[in-house]
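Trainee: Right, I'll just put the structure down here and ask away after.
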Amino acid sequence: MILPGTDPQAIDEAARRIQAGGLVGFPTETVYGLGADASSDTAVAGIFAAKGRPATHPLIVHVADAAQVNDYASSVPPFAARLMQAFWPGPLTVILPRRDGVAAAAAGGQNSIGLRCPAHPVALAFLKACNTGVAGPSANRFGRVSPTTAEHVAGEFGDDLLVLDGGPCAVGIGSATSSIAHAAS
């Protein structure tokens, strides 16, 4: 079911689905994501199952702002903070050391975690309403082309998935990644 991302009730419904452990399609400036509560290993397992993606492939966790990074990262080197300040919100994923016991499934079991704060206004409203990080790889089956419209997502996963329509994505390719976890060692 596609709902208008500019409708506050649709945003609230999408956030309720995330908080209840469900999946939601949502726009970013790059591509549409398939989101789940990053702190719930069960919800994240739903992403891997829906996409047919190996559970060892880490997922990006989308956050509403830089302050939320501390919920997932054990440390943020000064240069990483500067990158986030300069490029967030925007299409930059930073990879930081993951806090123990947090979002292990989303991180594919690795000790690092990819974090991103998208610039799309619908994504930001959705993330703020969720009040948690949202694991969100591209909303397509594993190995297929990343979706750039809500209709692409609905075509891939069917009408049971709630998709927030934010219009066509402006960029159309995944976010750039800065591997800070390894550079900081």
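The values are calculated or read from the model by the stated rules, or taken from the named source; none is laboratory data. Predicted, not measured: the structure shown is a model, and the values here were computed from it. Cβ sites come from the backbone with ideal geometry, for glycine too, and all protein chains shown count toward neighbours. Just so you know, the surface numbers come from the protein's heavy atoms only, side chains and all, with ligands and any DNA or RNA stripped out. Shrake-Rupley method; radii C 1.70, N 1.55, O 1.52, S 1.80 Å.
Trainee: Using 1/(1 + (r/R0)^6) with R0 = 45 angstrom and r between the beta carbons of ALA86 and ASP160, what's the FRET efficiency to the nearest 0.05?
Mentor: Working: r = 39 Å, r/R0 = 0.88.
Taking R0 as 45 Å, the efficiency between ALA86 and ASP160 is 0.70.
Trainee: What does the accessible area per residue of the chain come to in Å², with a 1.4 Å probe and no ligands, DNA or RNA counted?
Mentor: 43
Trainee: Where does the chain land at 222 nm, in deg cm²/dmol rounded to the nearest 500, when only DSSP H runs of n ≥ 4 count, each adding -39500 (n - 2.57), divided by all residues?
Mentor: Value at 222 nm, helices only, nearest 500: -8500 deg cm²/dmol.
Trainee: With label points built 7 Å along Cα→Cβ from the Cα atoms of ALA170 and ARG99, find their separation and express it in nm.
Mentor: Output for this residue pair reads 3.1 nm.
Trainee: Under a 5 Å amide H to amide H cut-off, with H placed in plane at 1.01 Å, what residues pair with GLY35 once short-range neighbours are removed?
Mentor: VAL24, GLY25, PHE26
Trainee: Let me ask something else about it. Treat every Asp and Glu Cβ in the chain as -1 and every Lys and Arg Cβ as +1, leave all other atoms uncharged, and give the resulting dipole magnitude about the Cα centre to the nearest 20 debye. Write out the running numbers ahead of the final one.
Mentor: On the way: 11 positive and 14 negative charges, 115 e Å.
Rounded to the nearest 20 debye, it is 560 debye.
Trainee: Moving on to the next point. Where both partners of a DSSP beta bridge lie in the chain, what percent of those bridges are antiparallel, to the nearest 5?
Mentor: Here the antiparallel bridges make up roughly 55 percent for the chain.
Trainee: Kirkwood Rh and Cα-based Rg: tell me the resulting Rg over Rh for the chain, rounded to two decimals.
Mentor: Details: Rg = 14.8 Å, Rh = 15.8 Å.
Taking Rh as the inverse mean 1/r over Cα pairs, Rg/Rh reads 0.94.
Trainee: On to the next question. For segment 92-107, just list the computed ³J(HN,Hα) in residue order, Karplus coefficients 6.51, -1.76 and 1.60, θ = phi - 60°, integers in Hz, with x standing in for Gly and Pro.
Mentor: Values per residue, Gly and Pro as x: 10, 9, 9, 10, 10, x, 7, 5, 4, x, 10, 6, 4, 5, 4, 7 Hz.
Trainee: Set the Förster distance to 22 Å, then compute FRET efficiency between ASN111 and ARG144 from the Cβ-Cβ distance, nearest 0.05.
Mentor: Once the sixth-power term is evaluated, E becomes 0.15.
Trainee: Would you work out what percent of the accessible area of the chain, with all protein chains in place, is carbon or sulfur (probe 1.4 Å)?
Mentor: Details: 4320 of 7970 Å².
The C+S portion of the solvent-accessible surface of the chain is 54 percent.
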